[in-house]
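The values are calculated or read from the model by the stated rules, or taken from the named source; none is laboratory data. As the structure is a computational prediction, the values presented were derived from the model and not from experiment. Methodologically, a virtual Cβ is constructed for each residue, glycine included, from the backbone with ideal geometry; neighbour enumeration extends over all protein chains shown. These accessible areas exclude ligands, DNA and RNA; they are computed on the full protein's heavy atoms, side chains included. Shrake-Rupley method; radii C 1.70, N 1.55, O 1.52, S 1.80 Å.
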Amino acid sequence: MAQTEAVTAPKPDFGGAGLNWQNEGWYVEVEYSDLPNPIRPKDHLRELAPNLDEKYSPLTKSGNGIQAYFFPVGPGLLIQLKKILDSQYENAIKKLLTEKSSRVEAPNFDDPEAVSEEIKIQQRLDIGETQRTQLVIARRGQGIYRSNVRLVEKSCRVTGVTEPQHLVASHIKPWSKSDDLEKLDGYNGLLLSPHIDHLFDKGFISFTDQGAVLASRHLREQVLTKWHLDRNQRAGLLY
């Protein structure tokens, strides 16, 4: 389900897979919902095959998948998919709508340095309006920055929560001190539960390169206890 309008944006770092692609393309923020009982297209080829597009189809005539970005799904194919999926289709739509309405955004703390940096970005003439917007909303862990972090991170390093609507994309190197690339770099971020993001953003916790949690001496034991945090917890290797 598309969450935003399409905008032009720089290509994410896909490594060698993207060497032949242009550096600028279209960016659309989307959410996916996994089906509890996925279907196998080959098992339903009789119903699906007559509705496949002759030129741009997600499946071959034998039912094998085709690797690419997006494919048009005509009315006939959509009707057959809804029949095959039955209640799973409606439930997936409801789940996505619920997640969209409950998405967590990072608090917009009035950090004077960040506010000053945001004003400077808004006044820049060397970049376009779209890039200025992406750089600014990256401060709140949204937009293309959040999508880039989700390409790298799959869960909160501390709590293990995986549902993206309950996680904040948090900069490792502070947004206000990052250059344009670092502000949008998925490797300059962690997906964190909101209370963990608060502790990380305010310097109450950090992580070693080996993934050990570092707790500040200014962080009261009462907070650790009530939030079920362990000073000896491991968060996994960082990059």
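Is at least one residue of region 210-226 in contact (Cβ under 8 Å) with a residue 40 or more places away in the chain and on the phi > 0 side of the Ramachandran plot? Yes: one or more hits. Flag set for Gln233, criterion: modelled with pLDDT under 85 and farther than 18 Å from Leu167 by Cα.
Every residue, every condition in (1) hydrophobic (A, V, I, L, M, F, W, C); (2) out of contact with any strand residue (DSSP E or B) (no Cβ under 6 Å at 6 or more places or on another chain); (3) farther than 30 Å from Ala9 by Cβ; (4) surrounded by 14 or more Cβ atoms within 10 Å (Cβ to Cβ), yes or no:
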| residue | (1), (2), (3), (4) |
| --- | --- |
| Pro174 | no, yes, no, yes |
| Lys177 | no, yes, no, no |
| Leu181 | yes, yes, no, no |
| Tyr187 | no, yes, no, yes |
| Asp197 | no, no, no, yes |
| Gly203 | no, yes, yes, no |
| Gln222 | no, yes, yes, no |
| Lys226 | no, yes, yes, no |
| Asp230 | no, yes, yes, no |
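Of all residues in region 153-172, those satisfying the criterion of being in a helix (DSSP H, G or I) and buried (at least 16 other Cβ atoms within 10 Å of the Cβ) are Pro164, His166. When Glu105 is tested against (1) modelled with pLDDT under 85; (2) open to solvent by less than 70 Å² (accessible area, probe 1.4 Å); (3) under 17 Å from Gly189 (Cα atoms), just one condition goes unmet, and that condition is (2).
Please determine, by comparing only the residues of region 75-90 that are assigned to a helix (DSSP H, G or I) and open to solvent by 70 Å² or more (accessible area, probe 1.4 Å), which one is farthest from Pro41 (Cα to Cα). Taking the candidates together, the pick is Glu90.
Contact map, region 1-12: residues that are in contact (Cβ under 8 Å) with a residue 12 or more places away in the chain paired with residues that are part of a loop (DSSP other than H, G, I, E, B) and β-branched (Val, Ile, Thr), Cβ distance under 6 Å, separation 6+ or inter-chain. Pairs shown: Ala2/Val28; Ala6/Val28. Against the conditions (1) in contact with a Cys (Cβ under 9 Å, 6 or more places away or on another chain); (2) part of a helix (DSSP H, G or I); (3) surrounded by fewer than 18 Cβ atoms within 10 Å (Cβ to Cβ), Arg150 satisfies every one except (1).
Let's see how each residue does on (1) of a type outside the set (A, V, I, L, M); (2) more than 30 Å from Arg146 (Cα to Cα); (3) part of a loop (DSSP other than H, G, I, E, B); (4) open to solvent by 50 Å² or more (accessible area, probe 1.4 Å):
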{"residue": "Tyr32", "(1), (2), (3), (4)": "yes, no, yes, yes"}
{"residue": "Pro38", "(1), (2), (3), (4)": "yes, no, yes, yes"}
{"residue": "His44", "(1), (2), (3), (4)": "yes, yes, no, no"}
{"residue": "Ala49", "(1), (2), (3), (4)": "no, yes, no, no"}
{"residue": "Val73", "(1), (2), (3), (4)": "no, no, yes, yes"}
{"residue": "Ala92", "(1), (2), (3), (4)": "no, no, no, no"}
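With the structure loaded, tell me whether Ala138 is open to solvent by less than 70 Å² (accessible area, probe 1.4 Å), out of contact with any Pro (no Cβ under 9 Å at 6 or more places or on another chain), assigned to a helix (DSSP H, G or I) and at pLDDT 85 or above or whether it fails that test. Yes: the conditions hold for Ala138. Summed over region 1-30, residues that are in a loop (DSSP other than H, G, I, E, B), open to solvent by 60 Å² or more (accessible area, probe 1.4 Å) and among the charged types (D, E, K, R) total 3. Only one of the listed residues (Val7, Val28, Val73) is under 25 Å from Leu135 (Cα atoms) and either in contact with a Cys (Cβ under 7 Å, 6 or more places away or on another chain) or modelled with pLDDT of 80 or more (or both). That residue is Val28.
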